[in-house]
Every structure is written in C-alpha cells, then in structure tokens.
Amino acid sequence: MGAGQGTTIRAEAPSGLSAEQLRRGYTLLAITTFLALIVINIPQTISPNFFRDEIGMGGALNGYLIAIREVPGFLLIFVAAILLRQGLARATAIALVVAGVGYMLFAGANSFVGLIVPTLISSIGYHSWLQLQDALGLSLAKHGEEGSVLGRFRSIGFAGTIVALIVTLAILFALERTSGDLRAVQGPWLRGLFVATGVCAVVGALVILRFPVSADARALAKAAPRITWRKEYRLYYWLTFLDGSRQQIYFAFAPFVLVDTFGVDALTLTTLLIVSAVINWRTGGLVGKLVDRHGEKRMLTAGYTLHLVVFLGFALSQNVWLLYLTYLGYNFLFLFSIGTTTYLRKICLPQDLAPSLAMGISMAHLTAIVVPIAGAALWERLGYQFPFLFGTVFIFVSLWLTQQIDIPRQRIAGAPGTAALADEGEREMEADAPVLPTDSGPVPSPAATLGLAAEDAEPREETAPPAPRPAGVGGGE
C-alpha cells in the first residue's frame, strides 16, 4: 500500500468497533493530537528564552529544573494506575486538563522557586499524555499496520507543532519589528502564550471525551492490571530506560547550547523548530511504514547510529550552522521511537499494553534526576560538550540491546497472533537486505489523514502462527 493511500481499517479490526466508529475515532484522535502538540510545543519553544530573560536562569540551573520536571514521569506507573480506571478517553482528557492548568501557572512565575509547582503539574499531564496517545492510536490499528498508524498520528501532531511555532514566530517577529528590542518587551507576550496553551489543552480534552469505546474495550479496561511488570517485556524496559536517559541530556542542554553558548535568540530558535516540524510532518508516515516494512530491529539500529552522530556533533562542533543541522537531526530521530512502541505491541498481551507503556515511561525516568544533575555538573566543571559525550554511553548500550530483538521468539503466549508476524524472523535475518528507500510516495496532509479508514475494503483472513515459547532479552535465558 502506498504512503498516500491511507491505512485501511476492516470491520473486524481488533478494537471491536464498527467502520463508522473507527472513522470517528481517527478524526477525534487526530484533532486531539493536533491540539496536544500545540500545547506541548509552545511552552517548549518559549521556555529557554523565558527562563533566561524573565527568570534569569542559566544552563546549569535549567538542568536542575529539568530534574524536578521529570519526577512525575518516574511516578507515572502510579498516576496511570489511577487514570486508567477511567478508561483511555477519559484518562486522556484528564491528562490534558492537568497539563493545561500547569502551563497556565507558568504565566505567574517570577523566580526559580515559582517555577517548581507549574513544572510539576504540567509534567504530570504531559507525561500521562505520552503513553495514552499511543494506546489510543494502537486501539485503532490492525496488526501489522501499527507503525503506519502511529506514523500518521505523528505527522498530524507535527502539523500542530507547525501551527504553534508559526503563531509564536509571528508574535515574536512583530514584537521585534515594532519595538526594536525583543527582550525588553517579550515578557507579557510570553506569559500570554502560556495561558493560550492551557486553553488549547482544555479544548483537546473536550474533543477526546467523544472517542468511541467498544464494549470489549470497556471490559478489558476493567480487567487490565493497573501496574504491569513482566520479565518477558524486559528488553522494552531496558530500551525505554536508555532512551529516557539520553533524552534527559538532550532536553536539558541542547536548546541551552544554542541559546546560552551561541547566542541564538527566540526568533531564530522558533524558525529552526518550524523547519524541524515541517520535516517530521512530511516524514512521519514514511518512517512508520518503514518500521512495518523492515522491522523494529533494523529501524532502531539505524536510529541509534544516527543519534550517535548527532551527539558527537553537539559535543565537537564549533560552527552554529552545523549545530542547527544536528538539532534538526535529533528532532527527526524522535520518529524512530515508533519502533519501540510497536515492538511492545507485538510481544505483549492486549490488556498489558497501556499499563506497560506507562511502565516504560517510568523506566525512562529512573535517571531523570541523576542524569540532568550529572550533566549540569559536567557543564559547570568541564564545558557544555561533556554532557553530550556522557550521553553517547547510553546510545552505545541501546545499539547493543537492539541486536537482541527477536519478535517471534519473544512474543508471550496469549499475545495477538497475526500473519504479519509469521515471517518476522525471516525479515530480521535476511542477509542481503535492500537499502532503505528514501521515498515511497507522498505523505498525506493532516486533513487527508482524518479519513484513514475505508469501509469498502474486503476483509483479510489472518492465521495465527503457533505461539512460541516465552523468551527473555536474547530470546532465551
């Protein structure tokens, strides 16, 4: 199926929803995803300059604030245990409202201490959304098309990012043109943007409340474990743990390298983020399809190799234009995390998916306090380059663990069996794999993706392969 043809949903899809309900689910989740990425990206865009110019923070102090922000991520397994009792749609609505309230409170902050409560509240909502968005998207996906569906929703989200960044850029550009001194007048406008972010979050919450839920999904939610820890999923836990450790380095220090060390202003940083969002919008669907076509092992290997190049670029480059390129590269590589999520979907029990995604996010935050503080200490004592050199350790270990992926052997008994998984082992072991294609057709616009479901497609008969024996990280104990 070409990238421009959309994802076909059959009436007998695993969600138990009718074709009409599936279409409505796609539309509502697409709108919510669009708004949620506006909610996330406006604060991320303006925060470095808001913290530096209005609060008076530097790069090291920002590392400490990041450590505080990530505490709710570590506690997400307990937050999810409460939220998931409400069902996925209601849990998502609650998460967005909480995030919106937190971002609104940033508007009243005037000191580092004043940032702590808004940071914690917004972080609870933000991290809850991270695991709920994928669980909702996967509830609409046929087996074997998980990557494509998640990729399309990533593209829709980046369309929301583009809108958020263009609005922010327009406001900052107008302020600079009319005042001649952006830093002197930007304060009230940055605070106003935090308030607007909260409003978007509430609207997104109202939309997702209408998300269709089948009777089977309701029964599954009631029976699902609220906290899940299974040794069969430990490779997923390790990968998310290492991804989270690497991301702490990036989020805490990459923007501040540009702003604090190379003097990049809010206008330039926003422009850079718009370019990044356009790239990801146009390639999100393609990356998802490549995950479905070439498998999680190959795509994650490629992604981690490129992560290594990016981190070395931040550490070693003295050219701001090369840093722009590495910044764009890292943001693009976020798309490759689709492979980690689809890997879990293919090996786990259906009722374990949402709580296991929450567990993965908590694992990603086990080092949320230690890594930013260690990075801040390295920055202060040795220079901004050393947090990124420290981050390459996590990337090397991720590359090694990725080679242990063996989906047919690691699927546990009771996980959904599909014909698409029957040849997974063969695809992973092909010695002469073709070079990854650079293009497989156009990625549809956000409007086009609202009609991803097609009810006139013929049902496809699927045959479940024999359940393999449970295995651990390497496929055996």
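The values are calculated or read from the model by the stated rules, or taken from the named source; none is laboratory data. Just so you know, these numbers come straight off a predicted model, no measurement behind them. FYI the Cβ positions are ideal-geometry reconstructions off the backbone, even for glycines, and counts take in every protein chain you see.
Comparison of Arg234, Arg293 shows that the only residue that is in contact with a helix residue (DSSP H, G or I) (Cβ under 9 Å, 6 or more places away or on another chain) and among the charged types (D, E, K, R) is Arg293.
Residue-level check: of (1) among the aromatic types (Phe, Trp, Tyr); (2) touching a Lys or Arg at 6+ places or on another chain (Cβ under 9 Å); (3) surrounded by fewer than 20 Cβ atoms within 10 Å (Cβ to Cβ), Phe311 misses just (3).
Here's the yes/no breakdown for (1) at pLDDT 90 or above; (2) surrounded by fewer than 23 Cβ atoms within 10 Å (Cβ to Cβ); (3) touching a Leu at 6+ places or on another chain (Cβ under 7 Å):
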| position | (1), (2), (3) |
| --- | --- |
| Val203 | yes, yes, yes |
| Leu209 | yes, yes, no |
| Pro212 | no, yes, yes |
| Ala215 | no, yes, no |
| Ala223 | no, yes, no |
| Ile227 | no, yes, no |
| Trp238 | yes, yes, yes |
| Ser245 | no, no, no |
| Ile249 | no, no, no |
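Summed over the range 224-269, residues that are of a type in the set (S, T, N, Q), in a helix (DSSP H, G or I) and touching a Pro at 6+ places or on another chain (Cβ under 6 Å) total 1. The residues on offer are Ala374, Ala354, Ala302, Ala358, and the sole one that is more than 25 Å from Leu75 (Cα to Cα) and in contact (Cβ under 8 Å) with a residue 12 or more places away in the chain is Ala302. The requirement of being hydroxyl-bearing (Ser, Thr, Tyr), crowded, with 24+ Cβ neighbours inside 10 Å and assigned to a helix (DSSP H, G or I) is fulfilled nowhere in the range 61-68; no residue meets it. Scanning the range 252-268 for residues that are surrounded by fewer than 19 Cβ atoms within 10 Å (Cβ to Cβ) and within 24 Å of Val370 (Cβ to Cβ) yields a count of 1. The number of residues in the range 341-385 being polar (S, T, N, Q) and more than 16 Å from Asp243 (Cβ to Cβ) comes to 2.
Which one is farthest from Ile156 (Cα to Cα) among residues in the range 32-60 that are assigned to a helix (DSSP H, G or I) and small (Gly, Ala, Ser)? In this case the residue turns out to be Ala60. Counting only residues that are within 23 Å of Ser398 (Cα to Cα), more than 18 Å from the chain's Cα centre (by Cα) and touching a residue at least 60 places away in the same chain (Cβ under 8 Å), the range 305-331 holds 7 of them. Residues in the range 287-298 that are under 16 Å from the mean Cα position of the chain (by Cα) and aliphatic (A, V, I, L, M): Val287, Val291. Only a single criterion out of (1) at pLDDT 80 or above; (2) of a type outside the set (Lys, Arg); (3) surrounded by 18 or more Cβ atoms within 10 Å (Cβ to Cβ) is not satisfied by Ala302, namely (3). Would the range 69-76 turn up any residue that is part of a helix (DSSP H, G or I), farther than 21 Å from Ala368 by Cβ and at pLDDT below 90? Within the range 69-76, not a single residue is part of a helix (DSSP H, G or I), farther than 21 Å from Ala368 by Cβ and at pLDDT below 90.
The residues in the range 377-405 that are in a helix (DSSP H, G or I), more than 22 Å from Asp260 (Cα to Cα), in contact (Cβ under 8 Å) with a residue 24 or more places away in the chain and hydrophobic (A, V, I, L, M, F, W, C) can be counted, and the count is 6. A residue that is assigned to a helix (DSSP H, G or I), acidic (Asp, Glu) and surrounded by fewer than 24 Cβ atoms within 10 Å (Cβ to Cβ) can be found somewhere in the range 344-352. Counting the residues of the range 295-321 that are small (Gly, Ala, Ser), in a helix (DSSP H, G or I) and farther than 30 Å from Arg345 by Cα gives 2. Go over the candidates Ala174, Ala184 one by one and state the one that is of a type outside the set (D, E, K, R) and either at pLDDT 85 or above or farther than 26 Å from Leu65 by Cα (or both). It is Ala174. Please go through the range 170-194 and pick out each residue that is farther than 20 Å from Asn41 by Cβ and polar (S, T, N, Q). Of everything in the range 170-194, those that are farther than 20 Å from Asn41 by Cβ and polar (S, T, N, Q) turn out to be Thr178, Ser179.
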